[in-house]
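The values are calculated or read from the model by the stated rules, or taken from the named source; none is laboratory data. Since this is a predicted model, take the numbers as computed values, not measurements. As a convention, Cβ positions derive from the backbone with ideal geometry for all residues, glycine included, and neighbour counts pool all protein chains shown. SASA here: full protein model, heavy atoms, side chains in, ligands and nucleic acids out. Shrake-Rupley method; radii C 1.70, N 1.55, O 1.52, S 1.80 Å.
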Amino acid sequence: MQKRLNMVLFGPPGAGKGTQSEKIIERYNLTHISTGDLFRKHLGEGTALGLEAQRYMDNGKLVPDEVVIGMVDDKISATTDSNGFIFDGFPRTVPQAEALDKLLTSAGQSISVMISLEVPEEELKQRLRNRAKVSGRADDQDDEKIQTRIEEYRAKTLPVAAYYKTQGKLVMINGVGSIEDIFAGIRQVLDPLNQLA
Ligand code: B4P
């Protein structure tokens, strides 16, 4: 099977993963898999999966791995025609990263690159406080929940960067600056890979 451009967009809460994903999808025509968006969709539809996820998300905790992995498996299996995937906010734990490798291997695919958006903690908090004014998201609403999300990220998600670093796939990008400048940094990484895919 022909290799596709499959990327992981990585970073702490509020790093701008959702924001940059929109631009990446437009330029490279990738299939977007955002686990946060998928959970919020389930929640909006009142499904059992959504209600299960809500208990964790609203408190800033990570949703259990088996729930997340099952949902991503369904989404990958249901995608028949694609130039490749952008995984946004997934994997968030090492077991999720291992599961993703297995899912892609069985489809004759692999991760091409992980792009990590680097943003200092104070800037993250400020962005999430600003978004709270418009998002209506329970997990943006107070400093305690934001702090829990950052702590979950440090304890459980940061090791995922080391996992891809070991595979020689981690690229760090400065996530502070204008949205366009950050996207220019991402293009420098993805354009050459896109030609190879
Ligand atoms: P997500 O939906 O993934 O969201 P996020 O980490 O909060 O934000 P993101 O980085 O996408 O930031 P955005 O672009 O919006 O996760 C939410 C929750 O879902 C998790 O806490 C967890 O409970 C659950 N979950 C999701 N995936 C999971 C998984 N795999 N396993 C377990 N649990 C999971 O940007 C944030 C703000 O910054 C926006 O207001 C934006 O306008 C602003 N911004 C963006 N770029 C900027 C820039 N360059 N300068 C200034 N502001 C900027």
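With a ≥ b ≥ c taken as the square roots of the eigenvalues of the C-alpha gyration tensor of the chain, please select rounded if a/c is under 1.5 and otherwise prolate if a/b is larger than b/c or oblate if it is not?
Details: a/c = 1.62, a/b = 1.21, b/c = 1.34.
The shape class here is oblate.
So, in Å, what gap is there between the alpha-carbon centers of the stretch 100-148 and the stretch 19-89?
Between the Cα centre of the stretch 100-148 and that of the stretch 19-89, the gap is 12 Å.
Keeping the other protein chains in place, figure out the carbon and sulfur percent of the accessible area of the chain, with a 1.4 Å probe. Walk me through the numbers on the way to the answer.
Working: 4950 of 9840 Å².
Solvent-exposed carbon and sulfur of the chain make up 50 percent of the total.
Kindly write out, for the stretch 71-83 in residue order, the coupling ³J(HN,Hα) from the Karplus curve 6.51 cos²θ - 1.76 cosθ + 1.60 (θ = phi - 60°), rounded to whole Hz, with x marking Gly and Pro.
Those phi angles translate into 5, 5, 4, 4, 5, 5, 4, 7, 9, 9, 10, 7, 7 Hz.
Suppose each label sits 7 Å from its Cα in the direction of the beta carbon; what would the R137-Y56 distance come out to in nanometres?
1.6 nm
Can you compute the charge dipole magnitude of the chain about its Cα centre, using +1 on each Lys and Arg Cβ and -1 on each Asp and Glu Cβ, nothing else charged? Give it in debye, rounded to the nearest 20.
Values: 25 positive and 28 negative charges, 51 e Å.
It comes to approximately 240 debye.
Rounded, prolate or oblate: which one fits the stretch 26-71, using the alpha carbon gyration tensor with axes a ≥ b ≥ c (rounded when a/c is under 1.5, else prolate when a/b beats b/c, else oblate)?
Numbers: a/c = 2.12, a/b = 1.83, b/c = 1.16.
It is prolate, given that a/c is not under 1.5 and a/b is the larger ratio.
Considering all projection directions equally, how large on average is the shadow of the alpha-carbon convex hull of the stretch 1-41, in square nanometres?
Details: hull surface 14.6 nm².
Its average projected convex-hull area is 3.7 nm².
5 Å is the cut-off here: which amide hydrogens, built 1.01 Å from N in the peptide plane, fall below it relative to M172, excluding neighbours closer than 5 in sequence?
Amide H to amide H, under 5 Å and 5 or more residues apart or across chains, M172 pairs with S116.
Hey, quick one: spin label on E121, modelled 7 Å out along Cα-Cβ, who in the stretch 144-183 has an amide N within reach, i.e. under 16 Å?
Taking a point 7 Å out along Cα→Cβ of E121, the residues of the stretch 144-183 whose backbone N falls under 16 Å are 144-159.
Please give the residues of the stretch 29-69, grouped as numeric ranges, whose backbone N is less than 18 Å from a label point set 7 Å along the Cα-to-Cβ vector of S82.
Answer for the stretch 29-69: 29-42, 67-69.
Taking H placed 1.01 Å from N in the peptide plane, check which residues at least 5 places from F85 or on another chain put their amide H under 5 Å from its amide H.
Residues meeting the criterion, in which the H sits 1.01 Å from N, are N6, M7, T31.
If one computes P(r) from the Cα atoms of the stretch 94-150, what percent of pairs lie at distances over 19 Å?
Details: 830 of 1596 pairs.
For the stretch 94-150, the fraction of Cα-Cα distances above 19 Å is 52 percent.
For each pair in K133/K165; K3/K125; K41/K165; K75/K165; K23/K165; K102/K145, compute the distance between the two Cα atoms and list the pairs where it is over 30 Å.
Values: K133/K165 36 Å; K3/K125 38 Å; K41/K165 32 Å; K75/K165 26 Å; K23/K165 25 Å; K102/K145 33 Å.
In this structure, K133/K165; K3/K125; K41/K165; K102/K145 lie more than 30 Å apart at Cα.
In square angstrom, what is the accessible area per residue of the stretch 72-120 with a 1.4 angstrom probe?
That works out to 40 Å² per residue.
For a quick check: with amide H placed at 1.01 Å from N, whose amide H comes under 5 Å from S34's, ignoring anything fewer than 5 positions away on the same chain?
Result for S34 returns D88.
Would you kindly derive the ³J(HN,Hα) couplings of the stretch 120-129 from the backbone phi angles with the Karplus curve 6.51 cos²θ - 1.76 cosθ + 1.60 (θ = phi - 60°), listing them in order in whole Hz, with x for Gly and Pro?
x, 4, 4, 5, 4, 4, 5, 4, 5, 5
Using the basic label-point model (7 angstrom from Cα toward the beta carbon), what is the D73 to Q195 distance in nanometres?
3.9 nm
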